[in-house]
1. Scan the stretch 87-101 for residues that are open to solvent by less than 20 Å² (accessible area, probe 1.4 Å) and either in a strand (DSSP E or B) or within 20 Å of Pro242 (Cβ to Cβ) (or both) and report the count.
2. Go through the stretch 36-64 and give me each residue that's part of a helix (DSSP H, G or I), surrounded by fewer than 17 Cβ atoms within 10 Å (Cβ to Cβ) and not basic (Lys, Arg).
3. Filter the stretch 475-489 for residues that are without any contact (Cβ under 8 Å) to a residue 24 or more places away in the chain and surrounded by fewer than 15 Cβ atoms within 10 Å (Cβ to Cβ) and give the result.
4. I'd like the residue in the stretch 512-525 that is within 9 Å of the ligand (Cβ to nearest atom) and not in a helix (DSSP H, G or I) and, out of all such residues, is farthest from Glu386 (Cα to Cα).
5. Mind checking which strands (runs of 3 or more DSSP E) fall wholly inside the stretch 221-325 and carry at least 1 residues that are without any contact (Cβ under 8 Å) to a residue 24 or more places away in the chain?
6. With at pLDDT below 90, open to solvent by 50 Å² or more (accessible area, probe 1.4 Å) and assigned to a helix (DSSP H, G or I) as the only criterion, which of Arg441, Arg426 stands out?
7. Do we have Asp33 as touching a Ser or Thr at 6+ places or on another chain (Cβ under 8 Å) and of a type in the set (Asp, Glu) here?
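The values are calculated or read from the model by the stated rules, or taken from the named source; none is laboratory data. What you see is a predicted model, and the numbers here were worked out from it, not measured in a lab. Methodologically, a virtual Cβ is constructed for each residue, glycine included, from the backbone with ideal geometry; neighbour enumeration extends over all protein chains shown. Side chains are part of the model used for accessible areas, which takes the heavy atoms of the whole protein and leaves out ligands, DNA and RNA. Shrake-Rupley method; radii C 1.70, N 1.55, O 1.52, S 1.80 Å.
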Amino acid sequence: MLRLSRQTIGYLSVLAGSFVLAMLAGWLGTPIDNNAYDWMFRFYRPQLQAPQSILLTIDEASLLEMGGRAHLRRALGQALDRIAAAPPKVVVLDIILADEGDPAENGELEAALRKISKLVLPCELIEDGQRWEDPLDRFRRWAQAVGHVHGDPGPGDGVSRILPLEKATERERRWALALEAFRLSRGAAAIVESPESLQVGDIRIPARRSDSRALRIRYLPPSPEGAFPLPRISFKQLRADPGLAARCRDKVVFVGETAQTELRDRLMTPYSHGLYMPGVEIHANVFETLAQGQFLVSAPELAVVAACLALAACGVMIFALRSGWQAYTLAVLLLAAAHLLPYALFTNHIVFPYFAPVSSAWLSVVGAAAFQFVAVRRQLRRAEAERARYQQAMHFVAHEMRTPLTAIQGSSELMGRYNLSEEKRRQIAELINTESKRLARMITTFLNVERLSAGEMELKQEVFQVQELVPACVERARPLAEHKQIRILVEPLPEAALTGDRELMEYALYNLLTNAVKYSPAETQVTVLASADGDRLRLSVRDQGIGMDRQEVRKIFQKFYRTRKAEASGEAGSGIGLSIVEQIVTHHGGRIEVASEPGKGSCFTVILPFSQSRQDLAKLAKEQTE
Ligand code: ADP
């Protein structure tokens, strides 16, 4: 099974947290995304071809000259008359011709419309989007197409960034005015649809059906002097100089009002900084977007999510793998990358949200840096504590070893210096022997702990019976118990087998037994009991000894820890026995429970997974002999 360190879990939590927060921030960050979009729009100017359209406008001066809107159709008829001979490629009217109007003026306008070979007229949704308001039939019959004039300004700020190329009532769908103009300018008979795009001639327009065929408008940038880039002639100028009509030759002419008084049909654009652009000019810009063919496409949502996740992962990895100035340098680079990513993609015609990736990078970097700071401090504290404990241990070991060493030294000196009787010599030799064995045992135990905790010790995989393990340990501990007149009682044991290292397991149980004896007063009883609990074996050693309080119980598995009472009793050993026991048991897939009360005794229970049942064992033994 995959074991994760606390540190890894910490970093993973930072990653998950920053990613989720960034995604949430992404939802709320639309105004910031839009601002960033407008800023990139102003900053990055792509190479564009010369405009293929021209504006024929009714500005304030023209309105004044023609005597107001009442005579708009007459003025329109005259203007169209003047340009008809140029001839323009397509003429697009952004003036709704739905109301009855003046019959005489209507006649003049109709006569002018007849002369235009390719004409697009506008229509509008009315009655809450239920019905199309079309031009009068007498005008409509001269038009090759009718297109809708609805923009789609941003809901929060009213800035026109996209335009739906398709609008529909329940019964009838219409293409956008500019799209129809584009189709006619390319001489295409139809607009071919697919779920992802529209095809006009050999131009593919990336506009998804699921998004109402929304198209991001690539506004022509204003020239450095601030003049508008689309060429334009006003009605008044055309009347004063009919020769200007030649400028409409082979152009797509967008005709509409630009007078400031016509406030209804104006929107802001990413370029306009508070200035409004007349609707007719927005339509002309939509047409130019189509004609230029440099479409701005939104990045797929999945790609945005993946990028945010990748940025958050990088932020966390930096601090998980590096520290100090290296980590901070990398973090700064990552943040710079996150800030520049949307712009880099924008220059490749891909629109990427700004807020989500940037907040993803910032949150992960700040989170991971803070976590590292805390983790490093914790590690430092732990290392210091470890060092202190180690020093203590060294002191202790030195002290413990001195006793047998002094005995050996003294005895050997005695032997060398004095003429001793044979009996005395034998006694001293025996003493030297037991003391040096004790020393060797101490060293082995000490090394075992270190090797087990360093993971260098391999566990053997033997199958052994509980009914054999327990008596063996009890027999070894019995002399010690008898010395204190302590009775060791073994309750009936279940038939169960364990798998693992029998020697280590014996060491563990023996340790619990000797502890029970060591920390109990004379003439008490130590009980060993075992029971099967589901697929687990519970093996307990219970004594009637000095016991421990809760805080002490929490610490006894630490290396070199000994309770005050144990120290006072003069029985305490090196304080590492239980730490070895715990390691042995966990290496066997088990755990230890301790129940204890000061003065009332303790009960240590080892819980281990069963190996096979007796039948399985018999089978195993048979297989082995075969
Ligand atoms: P030691 O060699 O000191 O016995 P251990 O690691 O085996 O080392 O035990 C650690 C400490 O836990 C002991 O010093 C003692 O204070 C306490 N302890 C262990 N077993 C018992 C017990 N059965 N009753 C009371 N205290 C115990």
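1. Adding up the residues that qualify gives 5.
2. Matches in the stretch 36-64: Trp39, Phe43, Glu60, Ala61, Leu64.
3. Listed by number, the residues that qualify are Glu475, Pro479, Glu482, His483.
4. That would be Ser520.
5. 266-268, 276-278
6. Unique residue meeting the criteria: Arg441.
7. no
Table: residues versus (1) of a type in the set (A, V, I, L, M); (2) near the ligand (Cβ under 7 Å from one of its atoms).
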| site | (1), (2) |
| --- | --- |
| Val553 | yes, no |
| Ile556 | yes, yes |
| Thr563 | no, yes |
| His587 | no, no |
